[in-house]
Amino acid sequence: MNSFFWRQLRKIVFTFDAEKVHHFFYEILAFLGRSTVGRFVLRVISGTEKDRENPRHPLVCSVNGMLFRNPIGLAAGFDKDGRLLPALAHLGFGFAEIGTVTPCAQPGNSKPRLFRDVERFSLFNRMGFNSPGALIVSENVRWARKKGKLPENFRIGINIGKNKDTSAEDAAKDYRLAVTPFAGLADYIVVNVSSPNTPGLRALQTSDAIVKIVNAVRLEVEKWECRPSIYLKLAPELDELSLEDLLRCEKDMGIDGWVLNNTLGGYWKGGRGGWSGGVLGNLPRERLEKVRARSRLPIISVGGILEPREVEARLESGANLVQVYTGWIYFGPRWVRHLLKSVRKS
């Protein structure tokens, strides 16, 4: 699917409700990912079949002692159910982050809750952690592990959060419950305390609260045969004093890395939500540089990546891995390969 065809298709699909379009393509990708023929079709559409035939310039990288197929992953929020992993692995991604996963199923916020800002190549969402629940998501991931024909070194991250009705005092229990079904399935875990779409969640971005949450998660994953790394995902607009406190308490919190950043909180279309894409400007890179100056832990940089030179800039600024989402929506299925070609040349 070349860029011209995608631009024409995008003009049509962008006339429909954003969430309905998301579900439409989600089901197509899930269907194609379940069969050998379907996965071949995905490789042809994305252009990665050529790379499979002639795998020059390998981009395998090591983070926290684990090899990643390549440094470009899909950010959390696109595949909340874990049903797209076989498809994503054959569309060029080096890893994918599933979720956010909550311990119990919940519908999320009322619709409409996903919007496009085409002029700024941005998305605005107030999804609210809609999730089928940790048990169902874990079964989908288990199927992908066993029958999804995932390429070597394709990694799976699980992004976890608390249920909407769970109090801040009980949050740690929710995070532990959310991670429990993923023993032997998750390559890394992301503690999400930074979504703007769950009331009170961002109040957990303090060292005291995070210590309790990470300790609860660690108590669970230490039972597993292979313990995954635990990353902390922050909001891009976290104030300087709070960020300094977290950096100062990095060792006490017990995390293995950072995910920088979540969506940018704001108001649009009659409600509060989070921005992704071009509207973030240089903020994600500036936050990456600030944290890298103080921390030696691995960093996954996400947000506002719309062109190859930004991937290069993030890696040069100290990111170990990068994640994309909004750019993939706007630029189509061959865009990831386009980004990877640029990384190969650098």
(message) Taking 24 Å as the cut-off for C-alpha to C-alpha distance, list the pairs among 11/164; 251/290; 162/233; 20/233 that go past it.
(response) 11/164; 20/233
(request) Work out how much length residue 16 to residue 251 would gain on full extension: take 0.36 nm times their residue separation and subtract the Cα-Cα distance, in nm to one decimal. (result) 79.9 nm
(request) Per DSSP H run of at least 4 residues, take -39500 (n - 2.57); add these up for the chain, divide by its residues and hand me the 222 nm value, nearest 500 deg cm²/dmol. (result) -11500 deg cm²/dmol
(message) Within a 10 angstrom radius of the beta carbon, how do 237, 222 rank from fewest other beta carbons to most?
(response) 222, 237
(request) Along Cα→Cβ, 7 Å out, is where each label goes; now give me the distance between the ones at residue 223 and residue 272 in nm to one decimal. (result) 3.5
(request) Could you give the size of the charge dipole of region 3-345 about its Cα centre, using +1 on the Cβ of each K and R and -1 on the Cβ of each D and E, expressed in debye and rounded to the nearest 20? (result) 1140
(request) Starting from the Cα of residue 136, step 7 Å along the direction of its Cβ; do the same at residue 27; then give the gap between the two resulting points in nm. (result) 1.5
(request) Compute the acute angle (0 to 90°) between the alpha-carbon long axis of helix 36-46 and the principal axis of greatest extent of the alpha-carbon atoms of the chain; round to the nearest 10°. (result) 90
(message) For a quick check of your reading of the filter: which trypsin sites (Lys or Arg not before Pro) in region 296-325 sit in a DSSP loop and have no more than 11 other Cβ atoms within 10 Å?
(response) 296
(request) For residue 143 and residue 169, compute 0.36 nm times the residue count separating them, minus their Cα-Cα distance, and round to one decimal in nm. (result) 5.9 nm
(request) Sticking with the crude label model, points 7 Å out along Cα→Cβ, report the distance from residue 341 to residue 41 in nm, one decimal please. (result) 2.4
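Readers should treat all values here as calculations from the given coordinates under stated rules, not as data from a laboratory. All values derive from a computational prediction rather than experimental measurement. Because the Cβ atoms are built from the backbone with ideal geometry, glycine has one as well, and the counts that use them run over all protein chains shown.
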